[in-house]
1. Restricting attention to the range 94-107, does a residue exist that is on the phi > 0 side of the Ramachandran plot and buried (at least 18 other Cβ atoms within 10 Å of the Cβ)?
2. Taking the range 174-194, which residues are assigned to a loop (DSSP other than H, G, I, E, B) and closer than 22 Å to residue 239 by Cβ?
3. Looking at 158, 171, can you tell me which residue is at pLDDT 90 or above, in contact with a strand residue (DSSP E or B) (Cβ under 9 Å, 6 or more places away or on another chain) and part of a loop (DSSP other than H, G, I, E, B)?
4. Condition test on residue 238, is it within 30 Å of residue 342 (Cβ to Cβ) and touching a strand residue (DSSP E or B) at 6+ places or on another chain (Cβ under 7 Å)?
5. What are the residue pairs meeting all of these: first residue in the range 459-486, first residue within 14 Å of residue 517 (Cα to Cα), second residue in a helix (DSSP H, G or I) and modelled with pLDDT of 55 or more, Cβ atoms under 8 Å, and 6 or more apart or on different chains?
6. Starting from residues that are without any contact (Cβ under 8 Å) to a residue 40 or more places away in the chain and in a loop (DSSP other than H, G, I, E, B), keep the ones in the range 326-339 and report whichever is nearest to residue 290 (Cα to Cα).
7. Tell me, which residue of the range 279-311 that is free of Cβ contacts under 8 Å to residues at least 60 places away in the same chain and buried (at least 17 other Cβ atoms within 10 Å of the Cβ) is nearest to residue 359 (Cα to Cα)?
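The values are calculated or read from the model by the stated rules, or taken from the named source; none is laboratory data. Predicted model only: the values in this text are computed from it and were never measured. Note: ideal-geometry Cβ built from the backbone for every residue, glycine included; neighbour counts use all protein chains shown.
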């Protein structure tokens, strides 16, 4: 009887478990099965029961331009609960043909579930749907990335700028921007001008009024002549587009559309410098001045002085060499010390470069340092220009006399050095009879002072070692306290962010503080080191997964962009859910 009861209970449990497994659904849905190579595709991974450790496919043949966005739905109909959770991605195809979206995996009730692969057909570019109510069409017509080139016909080594501007119509909201393909500057010397903060400005695009932000500023100096290409730059942009629908309170409902915008390739025609360049031309292009200065004009033999040859102005200061300084043989010259004080703005390089020589005169007399010639090409006058420094005289007041200064001045330098006249008492300062006093060693060796002097250094070493050890202990305790405090602050600010979901500015301030304190507690990173490169490096050292690192960096960027661009409620909720998820993932991995 007992065996029958146990068998019935086991069978009932098995049937319930089987029916529950049969009720679990995890599927892939796509917005369309056929699309053009210039269109975006939405992919939804849906489940009817909450799970953990979701893993997306690698999306081979596609580029992810948006997501993952996570949404959760709970509905009750006639007392019956219906649950739905969706991970959404927006992708764009990289080639035509038949492409496959691979399997995604999820862990539900300690079991792994997989989706079925889905095939889509990608054709050549298709014309966009010109329906003003279509969100994609609205984005295509109101979002543009433009590369503005200051000079398309520069001379070789003449600087010019490229400014990338993202134009967007006032009727749409840009919520997130990320760089996909950075432009390459082959055959150019390039300098990226840092933009401290993105600022929304007003301008016109093709005659219409637009908002725009300056995304990147580059200063380029061409290193070869001819036709050179600047390759395109692409950005991933998340755009909130208003719909014709309104919520319960009458507010307009927005839909989020991912978009990839590209600034096209730019061709630069680099002009060669005119023929007939002077012999001493070293490649300087711009507008320059040169000066020669000396720290001393009068000194004695064997004393030293510094002579500085400085080139200053605007142009390719880092791309040419300073002329050499010629001095008389009687001035011993050492290798110069190069110094550079060059800054770069949107117009190019400006500042100065200099060579400082140390000179030591050997003989008494007056020595000239002849003017130095500097030749450069001026792109404004389109000609080579030559400028000179002033002449400097060095007066050596006291020292040995060289016979090159009398009637034998035409003799060779070697004969001059062999005929130096020795002055009397030249080596008087050398002492040949030191007054040494003999000490009685018996009064010192093995005396009390002798042992004290030996023990003092040993005692000092022991005290220093004890001090270092105690300081390390205090530092460890202090660091442990800082980690615990930062961990508490991270939880506190994350809770504040949840409370301020309806207040954009307060939400992103609290979220940024939560992320910062989380890094401080887990990676011991301070505010002064709070850079994306430093964060990525430290996370890689901790063997954190690349996907988690990317998600964390995206959250930091979203907090930065939110200061200057509007954000929808959808984006704010997504950022909060992604923050909770990625903090949990990184915490587990550490």
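1. Among the residues of the range 94-107, not one is on the phi > 0 side of the Ramachandran plot and buried (at least 18 other Cβ atoms within 10 Å of the Cβ), which makes the answer no.
2. Passing the criteria: only 182.
3. Details: 171 fails: at pLDDT 90 or above.
After ruling out the rest, the residue left standing is 158.
4. Values: within 30 Å of residue 342 (Cβ to Cβ): no; touching a strand residue (DSSP E or B) at 6+ places or on another chain (Cβ under 7 Å): yes.
Criteria not met by residue 238.
5. 482/520; 483/520; 483/521; 484/521; 486/517; 486/518; 486/520; 486/521
6. Step one: list which residues in the range 326-339 are without any contact (Cβ under 8 Å) to a residue 40 or more places away in the chain, which gives 332-339.
Filter again for in a loop (DSSP other than H, G, I, E, B), leaving 334-336.
On the way: 334: 21, 335: 20, 336: 16 Å.
Only one residue fits best here, namely 336.
7. 308
Here's the yes/no breakdown for (1) modelled with pLDDT under 75; (2) in contact with a helix residue (DSSP H, G or I) (Cβ under 6 Å, 6 or more places away or on another chain); (3) not assigned by TED's automatic domain parsing to the domain that holds residue 579:
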residue: 459; (1), (2), (3): no, no, yes
residue: 465; (1), (2), (3): no, no, yes
residue: 469; (1), (2), (3): no, no, yes
residue: 488; (1), (2), (3): yes, no, no
residue: 491; (1), (2), (3): yes, no, no
residue: 509; (1), (2), (3): no, no, no
residue: 521; (1), (2), (3): yes, yes, no
residue: 528; (1), (2), (3): yes, no, no
